[in-house]
Structure formats: C-alpha cells, structure tokens
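Notes to accompany the following structure.
The values are calculated or read from the model by the stated rules, or taken from the named source; none is laboratory data. Keep in mind it's a predicted model, so treat the numbers as computed, not measured. All Cβ positions, glycine included, derive from the backbone under ideal geometry; neighbour counts span all protein chains shown. Calculation scope for accessible area: heavy atoms of the full protein, side chains included, ligands and nucleic acids excluded. Shrake-Rupley method; radii C 1.70, N 1.55, O 1.52, S 1.80 Å.
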Amino acid sequence: MSTAAAAAPFDPTALSDALPLPLYLQLARHLRSLIVEGRLTDQDALPGERELAETFGVSRVTVRKALRELIAEGLLHQRQGAGTFINHSPHVEQRLSALTSFTEDIGGRGLKPESRWLSRSVATATPEEAMALGLRPGAEVVRLHRLRLADGTPLAIELSTLPTSFLPDPDLVQGSLYETLRGRGHPPFRALQRLSAIRLPTDQAALLGVPDGAPALYIERRTFLENGTPLEFVRSHYRGDAYDFVVELSLV
C-alpha cells in the first residue's frame, strides 16, 4: 500500500462479497461516508485507481465505477492529468417544520449566505404562475431568479414569483426577500412545499458547479399570508449532495 493510501482513513473491511450490494456501490458508500463526515476534506486528492484497488482488494474496474458514482453526485471531481479530488460542499440540514428564508436558514448555521442575481424583472404571469398565485390571466408579477450560495459555494437555484401588489419593483430586494416583505407589511405566514428528485440539466449543473446529470432536489413552494392570500410561488433546484430536508413526526 502506498503512503497516500495508508494515511487515508480507508477501511478495507467495509467491503464484503457476502453483502447483496455490488462491490462498486459498497466502495462508493464507504467513500461517500468519509467525505460527508469530513474525514476526507475539500480538495484532498484520492490515491490512484490502482492504489485504491490494492487497498480494498478489488479490481480497477470496480474502483472506476465507484468513482463515477461519486463524480455524478458532485462529491468528487477529476482534473485532467492531476487525479481525483474531494469536492466537499457545505452540508445543510433544513427542517420542514418552520418557514424560513434561505438567508435566515444559512446564517443561522454559522455560514455566510450570498445571492447572485441571474435575472429580475416585471413580466406577465404564465398560466402556471397565475394559477399558483390566484391571479387573473395577464396579471403582472415580479420574478426573482437567484443563485444561492453558502460560504461561497453554490447550493441552489431559486426562481421566486410574486404579485406586483406585494412587491411592485424587483430592485426593492437587496438582501433577504422575506425581510423585504415583512418591512412592507406582508409577512410570510405559512407554506406548502412539494419535493421531487431529479437530475440536473447541463445549464443548471454548470451554475451549481456539479457534473451534468448530478442528483438534485426540485422544490415547488407556495407561500401564503396569514389570511390565506397567496404571496409567493417558488421553484428551486437544490444540490443533492449538500442538502437534507428533515421533518419531525409525532403520534397523534
């Protein structure tokens, strides 16, 4: 075993022919846990395929398939002629029991929230937006399209649509949208969210700095005022390797 492989926290016993899971998925699972737990840190270089194969007692084909799994998830990236490196992004656990903005949620975890504008405009509502917001056909809405980051790492792409009656000018939003709405007397009160698993298309993967086809969570959210009036319609794409959404359940 090489010095690099010996120094890494690898556990060859994590793989077993007795398990029903294919060896390459067992290896991917082991490496994934080391990355998520922080035992392999950002920009660490992995040993080469041959060294990993010797360490775990598997073929190079098995190692290659395991690495491809983690590259597709955005946890690893390869540099031409340099090797394979850890791409450990900030990992956020968000509870679904409370309605918070991205700024509040990330800042509350000791990370620095940031937004980069992709576009902001006043436009005619699409049929989908009009239905979600309870608007008449042809009504005007504000669209806020942002890339959301934590400590400089892209985590999500967010498109928020609001009636102009609540936000007449997109330039009014300089920081947190929810803080802006509260300041205008329209505090968000509750929301309904729908989550689904997807693979990112090329343009969105590039914005989030992950490989084409990397897993992500697509979230649609409708936010309401206390009187039940629709306030906001949001469509977001969250990096699958960076976000866990958690809900607490209790027996009634």
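Restricting attention to the range 177-188, the residues that are exposed (fewer than 13 other Cβ atoms within 10 Å of the Cβ) and assigned to a loop (DSSP other than H, G, I, E, B) total 2. Where helices (runs of 4 or more DSSP H) fall entirely within the range 1-110, those with at least 3 residues that are modelled with pLDDT under 90 are at 3-7, 23-36, 60-72, 102-107.
Of the strands (runs of 3 or more DSSP E) lying entirely inside the range 111-176, those containing at least 2 residues that are modelled with pLDDT of 95 or more and open to solvent by less than 10 Å² (accessible area, probe 1.4 Å) are 140-150, 153-163. Only residues in the range 201-217 that are over 17 Å from His145 (Cα atoms) count as the first member; pair them with residues that are surrounded by fewer than 18 Cβ atoms within 10 Å (Cβ to Cβ) and of a type in the set (S, T, N, Q), Cβ under 6 angstrom, at least 6 apart or cross-chain, and list the lot. Going by the 6 Å Cβ cut-off, the qualifying pairs are Asp212/Thr202. Here is the figure for the range 189-200: residues that are surrounded by fewer than 13 Cβ atoms within 10 Å (Cβ to Cβ) and either basic (Lys, Arg) or free of Cβ contacts under 8 Å to residues at least 12 places away in the same chain (or both) total 2.
Within the range 189-210, is there a residue that is over 30 Å from Arg32 (Cβ atoms), assigned to a strand (DSSP E or B), modelled with pLDDT of 95 or more and among the aliphatic types (A, V, I, L, M)? No, because not a single residue in the range 189-210 is over 30 Å from Arg32 (Cβ atoms), assigned to a strand (DSSP E or B), modelled with pLDDT of 95 or more and among the aliphatic types (A, V, I, L, M).
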